[in-house]
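Below is the structure I would like to discuss, written out as structure tokens.
Throughout, read-outs are computed from the coordinates displayed, never taken from laboratory work. This is a predicted model, so every value here is computed, not measured. Virtual Cβ from ideal backbone geometry, glycine too; neighbours counted across all protein chains shown.
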Amino acid sequence: MGALGGLARGLMLLWGLGIDIVLLFVLPSIGNCGPFDELIKITKCSNALDSILVRYVAASCGIVRTLICFFPNEKGLWFAGMGTMLLDIGVHVQTVSHADAAGNHVLCGVAFVIMLLNIPSSEKAKGL
């Protein structure tokens with residue numbers, strides 16, 4: 001895995017653990033809603049069902065993205081991580097204005113391409 005692959009792994013750790021799990025799941029779950037309300041335009045941080053669902057979807061994506069960093073040769077995790085990028089884009093396309101979603105589209109799109117270019121080969125995944 002080249003330098004770009006290392007960048008992808010670091011990005012997934014920061015994004016998955018730092019943003020998705022900590023900022024969008026843990027902090028709102030303990031009542032610290034500032035980062036959630038700033039980053040999420042679909043709903044406001046509360047105990048309403050839509051807010052809880054958004055937090056759990058973010059945590060699920062975060063788990064997949066974080067696992068990529070710890071198991072970089074698992075081809076299936078890379079595909080799952082790429083799927084979380086498409087899911088993220090799809091949710092934003094359907095729920096917020098294009099102006100609010102533009103940053104998300106660019107960030108997730110670039111991450112998708114970087115991941116696509118760094119999918120581990122079958123030989124690497126098998127340890128050959």
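Across region 77-91, in residue order, what do the Karplus-derived ³J(HN,Hα) couplings come to in whole Hz, using 6.51 cos²θ - 1.76 cosθ + 1.60 with θ = phi - 60° and x for Gly and Pro?
5, 5, 5, 5, x, 5, x, 5, 5, 5, 4, 4, 4, x, 4
Hey, another quick one. Magnitude of the Cβ-charge dipole of the chain, K/R +1 and D/E -1, about the Cα centre, nearest 20 debye?
300 debye
To the nearest 20 Debye, how big is the dipole of region 1-70 about its Cα centre, given +1 on the beta carbon of each Lys and Arg and -1 on that of each Asp and Glu?
Details: 5 positive and 4 negative charges, 25 e Å.
With Lys and Arg at +1 and Asp and Glu at -1, about 120 debye.
Report which label in (i) 7.6; (ii) 10.5; (iii) 10.0 holds the value of mean projected area of the Cα convex hull in nm² derived from the coordinates of this structure.
Given (i) 7.6; (ii) 10.5; (iii) 10.0, the calculated one carries the label (i).
Using the Karplus curve 6.51 cos²θ - 1.76 cosθ + 1.60 with θ = phi - 60°, work out ³J(HN,Hα) for each residue of region 67-76 in order, rounded to whole Hz, and write x for Gly and Pro.
Each residue's phi maps through the Karplus curve to give 4, 4, 5, 7, 10, x, 8, 8, 4, x Hz.
Between beta-carbons, use under 11 Å as the cut-off and find the net charge around T43, counting Lys and Arg +1, Asp and Glu -1. Could you put the intermediate results ahead of the total?
Working: positive: K41, K44, R55; negative: D37, D50.
Charge balance in the 11 Å sphere: +1.
Springs between alpha-carbon pairs under 10 angstrom, Gaussian network model over the chain: which of G90, G18, G81 fluctuates most?
Answer for the Gaussian network model of the chain: G90.
Among H105, H92, H98, rank each residue by its count of other Cβ atoms within 10 Å, from fewest to most, as a rough exposure measure. Can you show the working numbers first?
Details: H105 14, H92 20, H98 9.
In order of increasing Cβ crowding within 10 Å: H98, H105, H92.
Using a Förster radius of 22 Å, what is the FRET efficiency between E74 and L14 based on their Cβ-Cβ separation? Nearest 0.05, please. Show your work: numbers first, answer last.
Values: r = 19 Å, r/R0 = 0.87.
With a Förster radius of 22 Å, E is 0.70.
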